[in-house]
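First up is the structure itself, then whatever we jot down about it.
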Amino acid sequence: MTDQIIRELFDVIEDRKVNEPEGSYTASLLTHEKGQDAILEKIGEESAEVLLAAKNDDRDAVAHESADLVYHLLVLLADMDMDLTDLEAELHDRR
Ligand SMILES: N=c1c2ncn([C@@H]3O[C@H](COP(=O)(O)OP(=O)(O)OP(=O)(O)O)[C@@H](O)[C@H]3O)c2ncn1[C@@H]1O[C@H](COP(=O)(O)O)[C@@H](O)[C@H]1O
(Lines give C-alpha, C1' and ligand atoms only; values in the text may rest on other atoms or scores of the structure.)
Protein backbone atom coordinates (compact mmCIF):
# COMPACT_ATOMS: atom_id res chain seq x y z
CA MET A 1 0.00 0.00 0.00
CA THR A 2 2.69 2.51 1.05
CA ASP A 3 4.93 1.24 -1.77
CA GLN A 4 2.13 1.68 -4.26
CA ILE A 5 1.17 5.24 -3.35
CA ILE A 6 4.80 6.34 -3.40
CA ARG A 7 5.31 4.72 -6.81
CA GLU A 8 2.11 6.37 -8.09
CA LEU A 9 3.23 9.76 -6.77
CA PHE A 10 6.70 9.37 -8.29
CA ASP A 11 5.17 8.46 -11.66
CA VAL A 12 3.04 11.64 -11.53
CA ILE A 13 6.13 13.70 -10.67
CA GLU A 14 8.03 12.21 -13.63
CA ASP A 15 5.07 12.92 -15.88
CA ARG A 16 5.05 16.57 -14.72
CA LYS A 17 8.77 16.75 -15.47
CA VAL A 18 8.29 15.54 -19.04
CA ASN A 19 5.03 17.31 -19.91
CA GLU A 20 5.23 20.49 -17.77
CA PRO A 21 1.45 21.01 -17.70
CA GLU A 22 0.10 24.49 -17.02
CA GLY A 23 -0.70 25.05 -13.33
CA SER A 24 1.39 22.15 -12.06
CA TYR A 25 3.18 22.95 -8.81
CA THR A 26 5.64 20.11 -9.50
CA ALA A 27 6.48 21.47 -12.94
CA SER A 28 6.93 24.97 -11.49
CA LEU A 29 9.45 23.60 -8.98
CA LEU A 30 11.33 21.58 -11.61
CA THR A 31 11.61 24.58 -13.95
CA HIS A 32 12.17 27.22 -11.27
CA GLU A 33 14.57 30.05 -12.05
CA LYS A 34 16.50 29.21 -8.88
CA GLY A 35 17.12 25.73 -10.27
CA GLN A 36 17.60 22.90 -7.81
CA ASP A 37 17.87 25.40 -4.93
CA ALA A 38 14.09 25.90 -5.12
CA ILE A 39 13.58 22.22 -4.29
CA LEU A 40 16.30 22.19 -1.63
CA GLU A 41 14.75 25.22 0.08
CA LYS A 42 11.39 23.43 0.23
CA ILE A 43 13.03 20.34 1.72
CA GLY A 44 14.62 22.55 4.38
CA GLU A 45 11.28 24.27 5.14
CA GLU A 46 9.29 21.05 5.28
CA SER A 47 11.92 19.40 7.52
CA ALA A 48 11.63 22.31 9.94
CA GLU A 49 7.83 21.99 9.87
CA VAL A 50 8.08 18.29 10.76
CA LEU A 51 10.36 19.13 13.70
CA LEU A 52 7.99 21.84 14.91
CA ALA A 53 4.97 19.55 14.66
CA ALA A 54 6.79 16.84 16.60
CA LYS A 55 7.88 19.29 19.31
CA ASN A 56 4.22 20.31 19.63
CA ASP A 57 3.26 16.63 19.90
CA ASP A 58 0.80 17.22 17.05
CA ARG A 59 0.45 13.86 15.29
CA ASP A 60 -1.86 15.13 12.55
CA ALA A 61 0.60 17.88 11.72
CA VAL A 62 3.52 15.42 11.76
CA ALA A 63 1.68 13.25 9.21
CA HIS A 64 0.77 16.30 7.06
CA GLU A 65 4.25 17.81 7.09
CA SER A 66 5.92 14.41 6.58
CA ALA A 67 3.83 13.93 3.45
CA ASP A 68 5.01 17.36 2.22
CA LEU A 69 8.60 16.37 2.97
CA VAL A 70 8.40 12.98 1.23
CA TYR A 71 6.81 14.62 -1.82
CA HIS A 72 9.61 17.20 -2.07
CA LEU A 73 12.28 14.50 -1.63
CA LEU A 74 10.73 12.62 -4.55
CA VAL A 75 10.78 15.82 -6.63
CA LEU A 76 14.51 16.07 -5.84
CA LEU A 77 15.10 12.49 -7.04
CA ALA A 78 13.26 13.25 -10.28
CA ASP A 79 15.19 16.49 -10.72
CA MET A 80 18.46 14.57 -10.41
CA ASP A 81 17.34 12.01 -13.01
CA MET A 82 17.26 9.36 -10.31
CA ASP A 83 14.66 6.65 -10.01
CA LEU A 84 12.68 5.44 -7.06
CA THR A 85 14.59 2.16 -7.41
CA ASP A 86 17.76 4.03 -6.35
CA LEU A 87 16.13 4.75 -3.00
CA GLU A 88 14.61 1.28 -2.75
CA ALA A 89 17.98 -0.36 -3.45
CA GLU A 90 19.61 1.70 -0.70
CA LEU A 91 16.90 0.77 1.81
CA HIS A 92 17.06 -2.92 0.84
CA ASP A 93 20.85 -2.97 1.27
CA ARG A 94 20.37 -1.94 4.89
CA ARG A 95 18.09 -4.87 5.73
N1 LIG B 1 1.99 15.51 -2.89
C2 LIG B 1 1.98 16.65 -3.37
C3 LIG B 1 2.32 17.80 -2.58
N4 LIG B 1 2.71 17.92 -1.29
C5 LIG B 1 2.91 19.22 -1.10
N6 LIG B 1 2.64 19.93 -2.22
C7 LIG B 1 2.68 21.36 -2.40
O8 LIG B 1 3.80 21.83 -1.73
C9 LIG B 1 3.58 23.13 -1.25
C10 LIG B 1 4.01 23.14 0.21
O11 LIG B 1 4.51 24.35 0.43
P12 LIG B 1 4.12 25.15 1.73
O13 LIG B 1 4.28 24.26 2.93
O14 LIG B 1 4.88 26.40 1.68
O15 LIG B 1 2.61 25.44 1.42
P16 LIG B 1 1.40 25.65 2.36
O17 LIG B 1 0.39 26.42 1.58
O18 LIG B 1 1.84 26.16 3.69
O19 LIG B 1 0.89 24.14 2.44
P20 LIG B 1 0.80 23.11 3.60
O21 LIG B 1 1.96 23.26 4.55
O22 LIG B 1 -0.54 23.34 4.22
O23 LIG B 1 0.87 21.79 2.85
C24 LIG B 1 2.09 23.43 -1.40
O25 LIG B 1 1.89 24.30 -2.48
C26 LIG B 1 1.51 22.07 -1.71
O27 LIG B 1 0.43 22.16 -2.61
C28 LIG B 1 2.30 19.06 -3.16
N29 LIG B 1 1.97 19.25 -4.48
C30 LIG B 1 1.65 18.16 -5.22
N31 LIG B 1 1.64 16.89 -4.70
C32 LIG B 1 1.30 15.71 -5.54
O33 LIG B 1 1.73 15.95 -6.85
C34 LIG B 1 0.65 15.73 -7.75
C35 LIG B 1 0.81 16.65 -8.94
O36 LIG B 1 0.62 17.99 -8.53
P37 LIG B 1 0.78 19.16 -9.60
O38 LIG B 1 2.21 19.14 -10.02
O39 LIG B 1 0.43 20.43 -8.88
O40 LIG B 1 -0.13 18.84 -10.71
C41 LIG B 1 -0.61 16.00 -6.92
O42 LIG B 1 -1.70 15.31 -7.46
C43 LIG B 1 -0.20 15.43 -5.58
O44 LIG B 1 -0.39 14.03 -5.59
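Exactly one residue among Lys55, Lys34 is touching an Asp or Glu at 6+ places or on another chain (Cβ under 9 Å) and away from the ligand (no atom under 11 Å from the Cβ), and that residue is Lys34.
Flag: Asp15 matches the condition of being at pLDDT 95 or above, in contact with a Pro (Cβ under 9 Å, 6 or more places away or on another chain) and surrounded by 14 or more Cβ atoms within 10 Å (Cβ to Cβ). Inspect region 22-30 for any residue being at pLDDT 95 or above and more than 10 Å from the ligand (Cβ to nearest atom) and give the result as yes or no. Checked region 22-30: no residue is at pLDDT 95 or above and more than 10 Å from the ligand (Cβ to nearest atom). Cβ separations smaller than 7 Å between residues 6+ apart or across chains give the following pairs from region 61-72 residues that are more than 7 Å from the ligand (Cβ to nearest atom) and modelled with pLDDT of 95 or more to residues that are of a type in the set (S, T, N, Q) and assigned to a helix (DSSP H, G or I): Leu69/Ser47.
Looking at region 34-52, is at least one residue in contact with a Phe, Trp or Tyr (Cβ under 9 Å, 6 or more places away or on another chain) and of a type in the set (A, V, I, L, M, F, W, C)? The answer is no; no qualifying residue exists.
The values are calculated or read from the model by the stated rules, or taken from the named source; none is laboratory data. Note that the structure is a prediction, hence the values are computed from the model and not measured. Neighbour counts run over all protein chains shown; Cβ positions are idealised from the backbone, glycine included.
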